[in-house]
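Structure, as structure tokens:
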Amino acid sequence: MGYRLDELIDLSRLQKLTDAFYAVTGFPTTVVDPQGNVLFDSGYKRICTLFHRQNPQTRQHCAEIDAGLAQHLVAGPVGLLRRCQNGLHYASVPIMVGDELVGGVITGQLLFEKTDIQFFRQQAH
């Protein structure tokens with residue numbers, strides 16, 4: 001059928017909604033098209049923007065998790081939860097219209113267990 005997410009919903013309204021959700025909860029959200037291209041995002045955590053995505057080694061870990069989540073969305077209509085090598089968790093959920101993938105929601109930079117301060121100190125060095 002060839003649906004496109006931007007034809008089905010008002011992305012600017014969804015952006016405002018996810019921005020408000022992030023402001024209240026601190027829960028970041030990214031919406032991607034079926035190829036994994038970012039349509040918009042709300043609220044990257046400071047550790048990712050100021051450190052992980054600035055350092056060449058940890059930036060590579062970010063690229064790997066981004067690519068893996070995008071590939072998973074294209075592969076099939078099930079959600080996925082992964083831990084990146086930088087110590088944070090990410091989840092992706094496809095947006096389907098019938099059997100057709102029209103996009104995906106990715107959230108991340110989450111901690112699900114007690115924070116291992118030593119791990120992050122070691123990473124900072």
Q. Given H placed on each backbone N at 1.01 Å, which residues far from residue 109 in sequence or on other chains put an amide H within less than 5 Å of it?
A. 89
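For the pair residue 114 and residue 60, what calculated FRET efficiency results from E = 1/(1 + (r/R0)^6), where r is the Cβ-Cβ distance and R0 = 22 Å, to the nearest 0.05?
0.25
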Q) What net charge do the residues around residue 85 carry, taking every other residue with its C-beta under 12 Å from that of residue 85, with Lys and Arg at +1 and Asp and Glu at -1? A) +2
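Within 15 Å, Cβ to Cβ, of residue 64, how many net charges do the neighbouring residues add up to if Lys/Arg are +1 and Asp/Glu are -1?
Neighbourhood net charge equals +3.
Quick one: ranking 7, 64 by accessible area, 1.4 Å probe, largest first, what do you get?
7, 64
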Q) Which FRET efficiency value, to the nearest 0.05, do you get for residue 38 and residue 99 by plugging their Cβ-Cβ distance into 1/(1 + (r/R0)^6) with R0 = 35 Å? A) 0.90
**Q.** Within-11-Å neighbourhood charge of residue 39 [Cβ basis; K, R +1; D, E -1]
**A.** -2
Q.
Under a crude label model (7 Å from the Cα following the beta-carbon direction), how far is residue 53 from residue 19 in nanometres?
A. 1.6
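The values are calculated or read from the model by the stated rules, or taken from the named source; none is laboratory data. Since this is a predicted model, take the numbers as computed values, not measurements. Positions of Cβ are backbone-derived with ideal geometry, glycine not excepted, and every protein chain shown enters the neighbour counts. Calculation scope for accessible area: heavy atoms of the full protein, side chains included, ligands and nucleic acids excluded. Shrake-Rupley method; radii C 1.70, N 1.55, O 1.52, S 1.80 Å.
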